[in-house]
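First the structure, in the form of structure tokens, and then the observations on it.
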Amino acid sequence: MSIHVDGVEVLLKDIHLVFADGTTSVCSSSAEEGGRLSFSCGPAKMLFTFSNGVIAIEISSPVPLSGLFVGGFSLDVKGVERVLSLSLHPSFASMYSAAFGYYNALAVERKPSVEKPSDAPEYPPKISGVSHFDFVKGFPCWTYPAITTPNSIPPYTIFTLLNLGNMFGAIATWSSGDLTAYVGEGLRIRLFAGSQRTSISKSAVVTIAFDRDPYKAVEKAVERASTALPVKLRRYKKEPAYLKYFGWCSWNALLTDDLSHENVVKIVRGLLERGVPVKLAIVDDGWQKEVSKGGQWFLRVLAELRANEKKFPQGLGKTVEELKRMGIKLVGLWHTINVHWGGFEKPVAEELGVESYRNPVADSLVPPPQLDKAIEFYTAFHRWVKSQGFDFVKVDNQWIIHALYQGHYTAAKAARNIQAALQLATQVNGLDILNCMSMAPEDYSNYFASNAMRISIDYIPFWKADAKLHTIFSVYNSLFFSHLAYPDYDMWISYDPYAKIHAVARVFSGGPIYITDRHPEKSDVSLLRMITLPDGEAVRVDEPGLPTRDMLFKDPYNEKVLLKIASRSKHTYAIAIMNVNREGAEIEDELSLEHLPYEVKEQSYAYYMVFSGKWGIATARDRIKVALKELETEVAIFAPLRNGKAVIGLKEFILPPYPIDVAESSDKLFIKSRADGTLIYIENNSLQQTRIQSGGILIL
């Protein structure tokens, strides 16, 4: 069967169903039935609906279907040369296990219990098939980019960008109705249910789009999903309030053992005393009064609806009160989507006055998967969070919905109910959400209100490899996920040896910016002042940065090319350039405005390199040479040249245009600044610098 998408023919092949007894039936005899294509699959019937690039599936069967993968089909697209894939396969992060144990311990001055990992691990590692049981054991909550061919797409891929030479295709998989979809080798689509049943309700599982512009292909694939699923595009949703401010999070600073009222207050006060304008704080994991249901960290269970009294003797509310007295504007509280890693005890549900559901993994309870009961649960829980004075919640472990209700509910249905309840409850209680461990289809497919999410595995302090890989993961994952929510590149330590590249990456993320320093006396205040305004506003690009066109199908870890991330800042274009090469080689590469994700006017631009001070005049087609050593970074600002004048911004900031506003009238430029600094501009083919005060106006 063939379908046509944006003028490109796509063949649907190898359509099949899998039944509970393990047998597989190949589907045949297609016929049109009420605008749908009907296939006979042994005793069962499978209906395909295709409309505006969206593939939806319905199934009816007299015998039970498999409780795991109920079947699938393959997509055949001719002429694909290379593929950028984003996969949930846990083996991509195999090198991270030892790194967590080694470097997280070092960051809190503990002796590591594991050997130091390599600073140049292989990536991507060799990927093979994996059983679904082992897939779930690997906590599949993060996606990892890889450049492949159609026949080597990793299992459990959720998004692919196809390079057809003069055309680009985007294929995204989703979770809706009763099915969750993944794509793998040969563009084979697998359909996961999670519960045995004889019928599958209409489930939109795949969106496809083609365009001569790769960025437009991706955008169209996501837009098409928003017409068939609850998910809404980032640009149509409210921006979380916490994005405005520079913040601090307790996680790598204190982990769980050292988290306490005293330590949180001491660190935040120390940062403020050193002139770091922190306005946002997150109390991460470790605050709970908990019990352990086993030796594993993921079996920790919330015993009572309160903080550990040894760590927070006067409760969480006192900590929030003291932080706000010091000038912190917004405080967030960490919890998992099931309240704690292993759920919660009966007294928690009783105090909230809500129903619960028996955790299939631990001797504990979790939120109920029925929509009405889930809404009651999260509304009551977040009412308690709000009563402690918190302004937002960091909701972790969201992928677990995929497995938590298996056997009783399809993963897609349970996720739709849980995610809807979570988002509605936070809105009712006046809380924003920062989503985490949520790069699974069951989560992102249902983000109708949630509008910020972590898009990479955890930051690891002081590890050279993480400075490279974490940045690569975040940038390439943004290509897809930035259409769904503001990307969160995670916290980092300002006195990390590679802090500069982490800071630049966060500025270009377009999402929240927050550190996790343990020792304020070590904090790199000079660096932090380059990414914050005096009032604590975080300096960031206008929209999430994306890999430039020349980087979409290249591998900056293994190839001798520089990673380039493009965005806008006020009246300028901004490009971050980074050397993340595995071998640590010095690399020379080229910059060009032609490589930006946007249409660039054909005119002259003044460019300025923030760290080197190099500047010049270029057209949109010119190539500018840049050479960087290992883990060096540069930021290039391109400002339009009009009447021989171009305004770059304030020299003291990583993103010079951010603190200024430029208006044009006749042949005059009016510049207003929101900070004291050195204004850089080009006039009469010369680089000019002049001091400007906050609130001051300069006329050129």
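The values are calculated or read from the model by the stated rules, or taken from the named source; none is laboratory data. Computed from a predicted model, the values in this text were never measured in an experiment. Here the Cβ is made from the backbone with ideal geometry for all residues, glycine too, and neighbour counts use every protein chain on show.
Against the condition at negative phi, surrounded by fewer than 21 Cβ atoms within 10 Å (Cβ to Cβ) and either touching a strand residue (DSSP E or B) at 6+ places or on another chain (Cβ under 6 Å) or hydrophobic (A, V, I, L, M, F, W, C) (or both), how does residue 623 come out, does it pass?
yes
Quickly run through segment 569-600 and pick out the residues that are assigned to a strand (DSSP E or B), crowded, with 18+ Cβ neighbours inside 10 Å, out of contact with any helix residue (DSSP H, G or I) (no Cβ under 7 Å at 6 or more places or on another chain) and not hydroxyl-bearing (Ser, Thr, Tyr).
574, 575, 577, 587, 589, 591
Looking at segment 251-296, which of its residues are surrounded by fewer than 20 Cβ atoms within 10 Å (Cβ to Cβ), in contact with a strand residue (DSSP E or B) (Cβ under 7 Å, 6 or more places away or on another chain) and within 25 Å of residue 452 (Cα to Cα)?
Result: 277, single match.
Is it the case, given these coordinates, that residue 19 is crowded, with 19+ Cβ neighbours inside 10 Å and under 30 Å from residue 167 (Cβ atoms)?
Judged against the criteria, residue 19 is not a match.
Right, residue 199: surrounded by fewer than 24 Cβ atoms within 10 Å (Cβ to Cβ) and of a type in the set (Ser, Thr, Tyr) or not?
Values: surrounded by fewer than 24 Cβ atoms within 10 Å (Cβ to Cβ): yes; of a type in the set (Ser, Thr, Tyr): yes.
So residue 199 fits the description; yes.
Among all residue pairs at least 6 apart or on different chains, which show Cβ distances below 9 Å where the first residue, located in segment 556-581, is under 12 Å from residue 637 (Cβ atoms) and in contact (Cβ under 8 Å) with a residue 24 or more places away in the chain and the second is among the polar types (S, T, N, Q) and not in a strand (DSSP E or B)?
Close Cβ pairs (under 9 Å, with a partner that is among the polar types (S, T, N, Q) and not in a strand (DSSP E or B)) amount to 566/548; 575/548.
Consider segment 229-250. How many of its residues are in contact with a Phe, Trp or Tyr (Cβ under 8 Å, 6 or more places away or on another chain), farther than 18 Å from residue 436 by Cα and buried (at least 22 other Cβ atoms within 10 Å of the Cβ)?
Number satisfying all stated conditions: 2.
Could you look through segment 676-698, keep only residues that are touching a Lys or Arg at 6+ places or on another chain (Cβ under 6 Å) and β-branched (Val, Ile, Thr), and pick out the one that is farthest from residue 617 (Cα to Cα)?
Among those residues, the one meeting the criterion is 697.
Among the residues of segment 626-646 satisfying the criterion of being more than 20 Å from residue 543 (Cβ to Cβ) and among the hydrophobic types (A, V, I, L, M, F, W, C), which is surrounded by the fewest Cβ atoms within 10 Å (Cβ to Cβ)?
Ranking the candidates gives 627 first.
Pick from segment 506-522 the residues that are among the small types (Gly, Ala, Ser) and closer than 18 Å to residue 251 by Cβ: which of them is surrounded by the fewest Cβ atoms within 10 Å (Cβ to Cβ)?
It comes out as 509.
Which count do you get for residues in segment 158-212 that are of a type in the set (A, V, I, L, M, F, W, C) and out of contact with any Leu (no Cβ under 9 Å at 6 or more places or on another chain)?
Adding up the residues that qualify gives 4.
So how many residues does segment 572-601 have that are modelled with pLDDT under 95 and either in contact with a Cys (Cβ under 8 Å, 6 or more places away or on another chain) or not charged (D, E, K, R) (or both)?
Adding up the residues that qualify gives 2.
If you take the residues in segment 442-477 that are over 9 Å from the mean Cα position of the chain (by Cα) and of a type in the set (S, T, N, Q), which one is nearest to residue 54 (Cα to Cα)?
Among residues in segment 442-477 that are over 9 Å from the mean Cα position of the chain (by Cα) and of a type in the set (S, T, N, Q), the one nearest to residue 54 (Cα to Cα) is 445.
In segment 27-131, which strands (runs of 3 or more DSSP E) lie fully inside it and hold 2 or more residues that are loosely packed, with under 15 Cβ neighbours inside 10 Å?
Answer list for segment 27-131: 28-33.
Does residue 399 fit the bill of being surrounded by fewer than 24 Cβ atoms within 10 Å (Cβ to Cβ) and on the phi < 0 side of the Ramachandran plot?
In short, no.
I'm told residue 163 meets every condition in (1) touching a residue at least 40 places away in the same chain (Cβ under 8 Å); (2) touching a strand residue (DSSP E or B) at 6+ places or on another chain (Cβ under 7 Å); (3) buried (at least 19 other Cβ atoms within 10 Å of the Cβ) except one. Can you identify the failing condition by its number?
Only one criterion in (1) touching a residue at least 40 places away in the same chain (Cβ under 8 Å); (2) touching a strand residue (DSSP E or B) at 6+ places or on another chain (Cβ under 7 Å); (3) buried (at least 19 other Cβ atoms within 10 Å of the Cβ) is unmet by residue 163, namely (3).
For segment 657-675, does any single residue satisfy the condition of being polar (S, T, N, Q) and either at pLDDT below 95 or in contact with a Cys (Cβ under 6 Å, 6 or more places away or on another chain) (or both)?
Going through segment 657-675, the residues polar (S, T, N, Q) turn out to be 665-666, 673.
Within this subset, residues satisfying the condition of being either at pLDDT below 95 or in contact with a Cys (Cβ under 6 Å, 6 or more places away or on another chain) (or both) are 665-666.
Yes - at least one qualifying residue is present in segment 657-675.
Considering every residue within segment 681-688, establish whether at least one is of a type outside the set (A, V, I, L, M, F, W, C) and part of a loop (DSSP other than H, G, I, E, B).
yes
Which residues, taken from segment 497-544, are closer than 19 Å to residue 107 by Cα, touching a strand residue (DSSP E or B) at 6+ places or on another chain (Cβ under 9 Å) and not in a helix (DSSP H, G or I)?
498, 514, 515, 516, 517, 523
Being surrounded by 17 or more Cβ atoms within 10 Å (Cβ to Cβ) and in contact with a Phe, Trp or Tyr (Cβ under 7 Å, 6 or more places away or on another chain) is the filter here; which residues of segment 610-619 pass it? Quick ask: steps written out before the conclusion?
Restricting attention to segment 610-619, the residues satisfying the condition of being surrounded by 17 or more Cβ atoms within 10 Å (Cβ to Cβ) are 610, 615, 618.
Scanning segment 610-619 gives 615, 618.
Give 63, 114, 70, 54 a once-over and let me know the one that is touching a residue at least 40 places away in the same chain (Cβ under 8 Å) and touching a helix residue (DSSP H, G or I) at 6+ places or on another chain (Cβ under 7 Å).
Residue meeting the stated conditions: 54.
Just give me the residues in segment 323-379 being among the acidic types (Asp, Glu) and either in contact (Cβ under 8 Å) with a residue 60 or more places away in the chain or not assigned by TED's automatic domain parsing to the domain that holds residue 399 (or both), in sequence order.
Selection gives 363 alone.
Inspect segment 270-284 for any residue being part of a helix (DSSP H, G or I), acidic (Asp, Glu) and not assigned by TED's automatic domain parsing to the domain that holds residue 520 and give the result as yes or no.
Scanning segment 270-284, I find no residue that is part of a helix (DSSP H, G or I), acidic (Asp, Glu) and not assigned by TED's automatic domain parsing to the domain that holds residue 520, so the answer is no.
Among the listed residues 386, 413, identify the single one that is assigned to a helix (DSSP H, G or I), of a type in the set (Lys, Arg) and surrounded by fewer than 19 Cβ atoms within 10 Å (Cβ to Cβ).
From the options 386, 413, the qualifying one is 386.
Pull up segment 297-314, narrow it to residues that are part of a loop (DSSP other than H, G, I, E, B) and out of contact with any strand residue (DSSP E or B) (no Cβ under 6 Å at 6 or more places or on another chain), then point me to the one that is nearest to residue 346 (Cα to Cα).
309
Considering only residues that are outside any helix (DSSP H, G or I), farther than 15 Å from residue 385 by Cα and not hydrophobic (A, V, I, L, M, F, W, C), which ones fall in segment 416-449?
If the condition is that a residue be outside any helix (DSSP H, G or I), farther than 15 Å from residue 385 by Cα and not hydrophobic (A, V, I, L, M, F, W, C), then 435, 438, 445, 446, 447 are the ones that fit.
Considering segment 137-155 alone, what residues qualify as being out of contact with any Phe, Trp or Tyr (no Cβ under 9 Å at 6 or more places or on another chain) and either among the aromatic types (Phe, Trp, Tyr) or over 15 Å from residue 184 (Cβ atoms) (or both)? Please lay out each step first, then the result.
So the first thing to find is which residues in segment 137-155 are out of contact with any Phe, Trp or Tyr (no Cβ under 9 Å at 6 or more places or on another chain), and the list is 137-138, 148-153.
Correct list: 137, 138.
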